[in-house]
Amino acid sequence: METKIRKPHRTHTKLLFRASENIVRLEANINYTTFILNGGKQKIMSYTLKKYDSMLPHSFVRVNRSCIVNINFIANLNFDHKTVLLKDGTEILISRRRLETVRQNMFAVA
């Protein structure tokens with residue numbers, strides 16, 4: 001059976017248009033995704049985190065099962081404690097299986 005790939009809705013396209021500048025992080029919320037924007041606003045969208053992972057530019061990295069982080073908003077990385085500190089003060093744990101991917105993406109962008 002073939003699966004149809006739907007085009008993203010206009011709201012999604014508008015939100016992702018300048019993602020590198022506006023989106024700080026994305027958090028999983030069951031089958032929804034919460035976008036945390038630069039000004040502190042939050043938007044809930046109806047796709048899963050996996051769907052957005054493929055739609056976002058390369059400046060985003062998935063740090064654990066429930067969070068994708070914008071590399072431009074990372075203030076500090078601590079590989080010993082496996083944490084990411086964002087510029088807004090949020091500290092997020094990096095899963096051990098994604099640690100190497102995060103490390104590679106950070107040095108690829110830098």
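The values are calculated or read from the model by the stated rules, or taken from the named source; none is laboratory data. What you see is a predicted model; the values in this text were computed from it and never measured. When we count neighbours, we look across all protein chains shown, and the Cβ atoms used for this are built from the backbone with ideal geometry, even at glycine.
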Requested in this report: Collect the residues in the range 43-73 that are in a loop (DSSP other than H, G, I, E, B), over 17 Å from H12 (Cα atoms) and not charged (D, E, K, R), keeping them in residue-number order.
Outcome: H58, S59, S66
Query raised in the report: From the set of residues in the range 86-100 that are among the aliphatic types (A, V, I, L, M) and surrounded by 15 or more Cβ atoms within 10 Å (Cβ to Cβ), which is nearest to S54 (Cα to Cα)?
Result: I94
Report summary line: Only one of V102, V84 is without any contact (Cβ under 8 Å) to a residue 60 or more places away in the chain and either polar (S, T, N, Q) or not in a helix (DSSP H, G or I) (or both), namely V84
Query raised in the report: Among all residue pairs at least 6 apart or on different chains, which show Cβ distances below 8 Å where the first residue, located in the range 50-66, is within 17 Å of N22 (Cβ to Cβ) and modelled with pLDDT under 90 and the second is among the small types (G, A, S) and surrounded by fewer than 15 Cβ atoms within 10 Å (Cβ to Cβ)?
Result: H58/A108
Requested in this report: Taking R25 as the residue in question, decide whether it is surrounded by 14 or more Cβ atoms within 10 Å (Cβ to Cβ) and touching a Cys at 6+ places or on another chain (Cβ under 8 Å).
Outcome: yes
Report task. Return the residue satisfying two criteria in turn: it lies in the range 33-84 and is polar (S, T, N, Q) and crowded, with 18+ Cβ neighbours inside 10 Å, and of such residues it is farthest from R103 (Cα to Cα). Result -> T33
Query raised in the report: Quick one: would you say R25 is in contact with a Leu (Cβ under 8 Å, 6 or more places away or on another chain), within 19 Å of T11 (Cβ to Cβ), at pLDDT 90 or above and basic (K, R)?
Result: yes
